[in-house]
Amino acid sequence: MPVGIDDISFYTTNFSLDLQELAANNGSDAAKYTVGIGQERMSVPGADEDVVTMAANASMALIDGMSARGEDPQAITTILFATETGIDQSKAAGVYLHSLLKLGPRCRVVELKQACYSATAALLLATAWVARKPKEKVLVIASDIARYERQSPGEATQGCGAVAMIVSANPRLIELDPETGIHTEDVMDFWRPNYRSTALVDGKYSTKVYLRSVRAAWQDFQHQSDLTFGDFDYFCYHLPFSRMAQKAHNHLANGNAHKLNAKALDQQISASLMYNRITGNSYTAAMYIGLVSLLDNTSADLAGKRIGFFSYGSGSVGEFFTGTLVKGYQNMLHQQAHQTMLDARQPLNYADYQKMYAFEVPTDGGDHVFEQQTNGKFRLTGISQHKRLYQVR
Ligand code: HMG
């Protein structure tokens, strides 16, 4: 029985900063951003947005889709919420989400963490669960806000977004194979101690560890599967910035003595980079937004095509896995809604970006009401006695 992704949708916030605007104000050459790291814009969250509101906005399309097809959303009996922008050390962000989505009490909810990798752990754990209980559906969430120190090399690679996926038996989008290649290595390339709101990063070192991890995970995959590099039509990589995927793909191809020219190699990943270029890094969600980007931005019928995925989370864990697109997968896409959302984004000037960056959720235990900034259906209206308050608009 095939198991995999039945439906997928993503959300990003309605503010963005053009990296030309950032470069004009921090003394960098804009080409370093647009060419060097391959980024054009980054999404910026409003004060009334967090990983829960982004996740709810991403999920709603799936819940509405189920209802429209006469399927019962209460078949979702598990929520696996992957994030490294946790809002609480104890309560899982997914419990707030569960409530906002009005799911029934017979639903287990848990949060997972391992940098940008944990959404892949969530997805693969979900497939194992569904293989055991084929009537049940798992809602897998990846939701993050990438935040670095102002004026640091990482600043241009910020961004945010959330992905929601339904994992089921007989999926209508992608069937996932059980064979995967794994590589774990204890390194300090990127981390965020509990007392910090921004990540610490050894940037250039992190790119080297990423490349080492892609080769090592692929080598392990070769021991687990009979598939070779030539069996893949497309690749989706973890996307801290789009150039990273291009480097990783060339690195993997070179290691496999590939016969494809540079243009053909580029075609295997170019559509997956389009949304990342204008939303930035979204940590756990980044590779899956890349998958949505590939599907939304490829007009050819990809049914039967095989995709290779390389998921990387600093620290570090890397995993290579694979899936095949199902005939008729186009019926499950939310392309128009994604495009409308992206087109409606409001560009920020540098002063407004600075103001939004400076906002921190108050920690004094008082009652605070947040200004309405997001156009999303779900918002964080404030915080009262250390309790986050959410609203469906
Ligand atoms: P940097 O060190 O300031 O940049 O920041 P650089 O000097 O290395 O330049 C970047 C590229 O732009 C270089 O190209 C330059 O040559 C080029 P490359 O040599 O790499 O091919 N360049 C130009 N090109 C055209 N015109 C110009 C120009 N100037 C320079 N005028 C760095 C880069 C990645 C270090 C920084 O952005 C950073 O620290 N980012 C955050 C960390 C990161 O994203 N790491 C990626 C791997 S780790 C990962 O993916 C995990 C992560 O998502 C976290 C998680 O798992 O949770 C981060």
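The values are calculated or read from the model by the stated rules, or taken from the named source; none is laboratory data. The structure displayed is predicted, hence computed values, not measured ones. Positions of Cβ are backbone-derived with ideal geometry, glycine not excepted, and every protein chain shown enters the neighbour counts. Ligands, DNA and RNA are stripped out before the accessible areas are found, and what is left, the full protein with its side chains, is counted by its heavy atoms. Shrake-Rupley method; radii C 1.70, N 1.55, O 1.52, S 1.80 Å.
Annotations
- Net charge of Cβ neighbours under 10 Å - reference residue 93; Lys, Arg +1; Asp, Glu -1: -1
- Candidates 240, 73, 105: whichever shows maximal mean-square fluctuation once the chain is modelled as a Gaussian network with Cα springs under 10 Å: 105
- Overall, the accessible surface of the chain at a probe of 1.4 angstrom is composed of carbon and sulfur to the extent of 50 percent.
- Debye, to nearest 20: dipole size of the range 58-161, +1 on Lys, Arg Cβ, -1 on Asp, Glu Cβ: 420 debye
- Nearest-0.05 FRET efficiency for residue 298 and residue 202, computed from C-beta distance (R0 51 Å): 0.90
- Per residue accessible area of the range 38-88, 1.4 Å probe, in Å²: 26 Å²
- Cα Rg over Rh - the chain, Kirkwood: 0.94
- For the pair residue 350 and residue 254, a Förster radius of 30 Å applied to the C-beta separation gives a FRET efficiency near 0.15, rounded to the nearest 0.05.
- The distance separating the Cα centre of the range 247-266 from that of the range 40-55 comes to 34 Å.
- Seen from every direction in turn and averaged, the convex hull around the alpha carbons of the range 56-126 projects onto 5.0 nm².
- Listed by chain and number, the lysines whose C-alpha is less than 18 Å from the C-alpha of residue 247, apart from same-chain residues fewer than 8 away, are 32, 204, 208, 259, 263.
- Two-site FRET efficiency, residue 387 against residue 72, from Cβ-Cβ distance with R₀ of 51 Å, rounded to 0.05: 0.95
- Under the Karplus curve 6.51 cos²θ - 1.76 cosθ + 1.60, θ = phi - 60°, whole-Hz ³J(HN,Hα) for the range 65-70, x wherever Gly or Pro sits: x, 4, 4, 4, 8, x
- Net charge contributed by nearby residues that have their C-beta within less than 12 Å of residue 324 (K/R +1, D/E -1): -1
- Accessible solvent surface per residue of the range 337-393, calculated while the other protein chains remain in place, 1.4 angstrom probe, Å²: 61 Å²
- Largest GNM mean-square fluctuation across 120, 322, 34, computed for the chain with C-alpha springs under 10 Å, falls on 34.
- Table column - 3J(HN,Hα) (Hz), the range 311-328, Karplus curve with 6.51, -1.76, 1.60, x for Gly and Pro: 9, 10, x, 3, x, 9, 10, x, 9, 9, 9, 8, x, 10, 6, 8, 4, x
- Counting only protein chain heavy atoms and rolling a 1.4 Å probe, the accessible areas of 387, 137 rank, largest first, as 387, 137.
- As a rough guide to protection, the peptides 56-67, 271-282 ranked by mean Cβ packing within 10 Å, highest first, stand as 271-282, 56-67.
- Counting only residues at least eight positions apart within a chain, or on another chain, the aspartates and glutamates with an alpha carbon under 16 Å from that of residue 377 are 48, 49, 50, 64.
- Take every Cα pair under 8 Å whose residues are at least 6 apart in sequence, average their separation, divide by the length of the range 256-393, and the relative contact order is 12 percent.
- Beyond 18 Å, the tail of the calculated P(r) for the range 309-354 holds 66 percent of the Cα pairs.
- Basic side chains Lys and Arg get +1 at the Cβ, acidic Asp and Glu get -1 at the Cβ, and with that the dipole of the range 253-391 about its Cα centre reaches some 460 debye.
- Positive end of the dipole of the chain (Cβ unit charges, origin at the Cα centre): among 339, 267, 65, the Cα lying farthest that way belongs to 65.
- Cβ-based net charge around residue 180, under 10 Å, with every Lys or Arg adding one and every Asp or Glu removing one: -4
- Farthest towards the positive end of the charge dipole of the chain, among the residues 313, 42, 323, is the Cα of 323, using unit charges on the Cβ of Lys, Arg, Asp and Glu.
- Rounded accessible area per residue of the range 148-289, 1.4 Å, Å²: 42 Å²
- Alpha carbon centroid spacing (whole Å) that separates the range 23-39 from the range 138-168: 21 Å
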